[in-house]
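The values are calculated or read from the model by the stated rules, or taken from the named source; none is laboratory data. Computed from a predicted structure; not experimentally measured. Note: ideal-geometry Cβ built from the backbone for every residue, glycine included; neighbour counts use all protein chains shown.
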Amino acid sequence: MLVDGRGVPLSRVVTGANRHDVTQLEPVLAAIMVERPSPPIRRHKHLCADAGYTGAPALKVIEEHGYIPHVKDRGQEANELKRTPDKKARRWVVEVAHSWFNRFRKLLVRYEKLDRSFLALNHLAASIIALRKVKLDVNIIYG
């Protein structure tokens, strides 16, 4: 799953549980639903990932899609945290997004036999999560 800085899902790929995340990096980056416009000269597209993406093939895929990779292992992150304890980790938003998806009980334990049914439920959950992130003056549920 790929999320933006607020935790809103941008893409999601459904695979078997025996597939490693790093092997699905290319399909996840290719499945982004909303293409981001080219950033201004001073800003770039950044991609934060955990230590599983430190290999050269993963970094090559990240750079081919136009992102600047920020991949740190646990030891490197712990050393930086000791130097500047006020700095927070950059990849916590993905864990929060996983938690939001786990609140949809039908997705937490997969009962669907067909991939397309499970993927459709994931897209529905992602749209609900994105809708909850939109700032509105009126509560759309209670009026």
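Kindly provide the set of residues from segment 1-55 that are within 27 Å of Leu121 (Cα to Cα), assigned to a helix (DSSP H, G or I) and either at pLDDT below 80 or of a type outside the set (D, E, K, R) (or both), ordered by number.
Restricting attention to segment 1-55, the residues satisfying the condition of being within 27 Å of Leu121 (Cα to Cα) are 1-36, 47-50.
Now drop any that are not assigned to a helix (DSSP H, G or I), which leaves 21-30.
Hits for segment 1-55 are Val22, Thr23, Gln24, Leu25, Pro27, Val28, Leu29, Ala30.
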Near pairs, Cβ below 8 angstrom, 6+ apart or cross-chain, from segment 3-29 (farther than 28 Å from Arg132 by Cβ) to any residue that is not in a helix (DSSP H, G or I)
Val22/Gly55
Per-region count, segment 8-29, residues farther than 21 Å from Ala51 by Cβ and of a type outside the set (Val, Ile, Thr)
5
Just wondering, is there one or more residues in segment 81-89 that are surrounded by fewer than 15 Cβ atoms within 10 Å (Cβ to Cβ), closer than 29 Å to His123 by Cβ and at pLDDT below 85?
yes
